[in-house]
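Have a look at the structure below, then the notes.
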Amino acid sequence: MATRQEEDATKNDEKSTSIVETADFETAIANTGNVSTAFLWGYLADNYGRRLLLLSGCFLLTVITVASSFSQVFWLLVVFKFFGGVISCGPFVLMLTYMAEFTSTLHRTRIMMMNAIYNSLGFITVPALAWAIIRQPWSWTLFGGYIVFNSWRVFIVACAVPSFIAGCFLLFFDESPKFLMSQGRREEALNVFKRIYSLNTGKHPDTFPVKSLVDEKKQNGDILTPNGDVPNRNHSTDMKQFLRKPYIGRILLVISIQYGGLWGMSTIRLWLPQILAILEEYTSLYKSQTENVFLCDMMASRTGAQAVVNATMNVTTSEECVPVQFGDTTFIYNIIVGVVAAVWNLSANMIVGYFCKKNVLKFGYVLCACCMASMYWSINMEIVLALSSIFIGCNQMVIIALLSTVVELFPTNMRTTAMSLTMMLGRVSALTGNLTFPVFLEINCAMPFFFIAAISLLCALLAFFIPDTTGKALE
């Protein structure tokens, strides 16, 4: 009987390994798609507008996501994942810029920080949906057996719903008035302001007290044609501004901070389910031997990391990382991470008005470093869960604070490109962190945790050099 159980366990481990390796590969492919077109999205948005690209991105992402659910071969799923990454990069960056240009200086920081709350809600709904749908024994055969549609494909379709709803809402929105003004389209921008005024106050648009807008093109010294356009406009001229002072120093600073911050957050977010699964399995196998056992001791049973294991425990190490099956506890704990992160960001949103974003960055990254260093000495799943929840929630807060600072550091014709460059380097760091984390684990279990803590402290140090944008109007 024992031999049969061992064979079943081996089969389950092999199946789990295949699933996790596939998931990691798909994540890498999606990140590659993000990185490959991040600059293009920003360039197009800064020259041709925000709304049209947002609309196109949301609906295209819906189509690609739904189409990927019908993939019957792995290579086709990979192709859809890549193009999904290409498309999804645009709406996220564009939405932050779009929101910032629709809000006043007084409320902009709070509105931007609310994005972190909605990101946290994603951490709640995605594992909750996965837990509710993927575990179901659903399976349908379509078109005479050519297509098999089962539960995980239903989950993919469910993930396409938010982008479709967002696209439908955007049909009722206007182009950014700040972008319209930067293009010399003052009458269109004024009509947008009138509509916003009417929606906010309930009054007729014609009662809007502002009757004309400043011509930003003339302020910038552009020579205009009779219809308000710049003749023979060379778009590449805008790109050269990133190589001039003060913008070159600003862009290098923010992308360095973003690179370090997303290295830590993306790595822990991607590997947390696997870490929790390992701890869950260890706890169930060695219930009587979990007292005063640190995180690395428990992970050594699966990762083969060089941890000092108590001599009284019978722990079998392995040269290769063998992922385990995810139990219900793993799903529940990932939902808890999302809830804690959402509560954390909601609290931060309430007090951020009393602190400048520069101080939020410094405090946030120091706290992230403390959480990551403390995780090494965790003795149970609950402590790991608490520290990782605070770490992820705090990272979401500082990332949004940094992006809202980027919005205010660059003028309208550079803003989305700057955001895209910042996010592009962040995606590269996420991919790098995901690949290096298991390598560091094999060298020494403490190495990845203290390395991420050190990076967070470096980000806090770099935050001292960011210009204070409190109360700064958009250029």
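The values are calculated or read from the model by the stated rules, or taken from the named source; none is laboratory data. None of these values were measured; they are calculated from a predicted model. Positions of Cβ are backbone-derived with ideal geometry, glycine not excepted, and every protein chain shown enters the neighbour counts. SASA here: full protein model, heavy atoms, side chains in, ligands and nucleic acids out. Shrake-Rupley method; radii C 1.70, N 1.55, O 1.52, S 1.80 Å.
Sort all Cα-Cα distances of the stretch 328-398 into consecutive 10 angstrom bins from zero, then give the percent of pairs in each bin up to the one containing the longest distance.
The percentages, shortest bin first, are 20, 48, 26, 6, 0.
By accessible area of protein heavy atoms, probe 1.4 Å, what ranking do C89, C370 get, highest first?
In descending accessible area the options line up as C370, C89.
Report D for the stretch 326-475 in µm² per second (integer): Stokes-Einstein, Kirkwood Rh on Cα pairs, 4 °C, 1.567 mPa s.
In µm²/s, the coefficient rounds to 77.
Keeping all protein chains in place, calculate the accessible area per residue for the stretch 413-469 (probe 1.4 angstrom), answer in Å².
That works out to 36 Å² for each residue.
Rounded to whole Å and ordered largest first, report the semi-axes of the equivalent ellipsoid of the stretch 57-108 derived from its Cα gyration tensor (root of 5λ).
Sorted largest first and rounded, they come to 33, 9, 6 Å.
What whole-number value in cubic angstrom gives the convex hull volume per residue for the C-alpha atoms of the stretch 114-172?
87
What would the Debye formula give as log10 I(q)/I(0) at q = 0.15, 0.20 Å⁻¹ for the alpha-carbon point model of the stretch 368-418, no solvent?
Values returned for q = 0.15, 0.20 Å⁻¹ are -0.53, -0.67.
So how far apart, in nm, are the two label points at I443 and W138 if each is 7 Å from Cα heading toward Cβ?
4.5
How many angstrom separate the Cα center of the stretch 241-280 from the Cα center of the stretch 143-168?
31
Ranked by accessible surface with a 1.4 Å probe, highest first, in what order do M298, M95 come?
Per-residue accessible area, sorted high to low, gives M95, M298.
From the phi angles alone, apply the Karplus equation (6.51, -1.76, 1.60; θ = phi - 60°) to the stretch 370-383 and give each ³J(HN,Hα) in whole Hz, x where the residue is Gly or Pro.
5, 4, 5, 5, 5, 4, 4, 9, 5, 10, 7, 5, 5, 5
So what's Rg/Rh here for the stretch 72-170, counting alpha carbon atoms and using the Kirkwood radius for Rh?
A ratio of 1.09.
Arranged from highest to lowest average of other beta-carbon atoms within 10 Å per residue, in what order do the peptides 109-117, 134-142 appear?
By packing density, highest mean first, the sequence is 109-117, 134-142.
5 Å is the cut-off here: which amide hydrogens, built 1.01 Å from N in the peptide plane, fall below it relative to N150, excluding neighbours closer than 5 in sequence?
Amide H neighbours of N150: W140.
Leaving out ligands, DNA and RNA, what percent of the accessible area of the stretch 33-154 is carbon and sulfur, probe 1.4 Å?
75
Just to verify a number: FRET efficiency for D206 and I111, C-beta to C-beta distance, R0 = 25 Å, to 0.05?
For R0 = 25 Å, the calculated efficiency reads 0.35.
For the stretch 156-161, just list the computed ³J(HN,Hα) in residue order, Karplus coefficients 6.51, -1.76 and 1.60, θ = phi - 60°, integers in Hz, with x standing in for Gly and Pro.
Residue by residue, the stretch 156-161 yields 4, 4, 4, 5, 7, 5 Hz.
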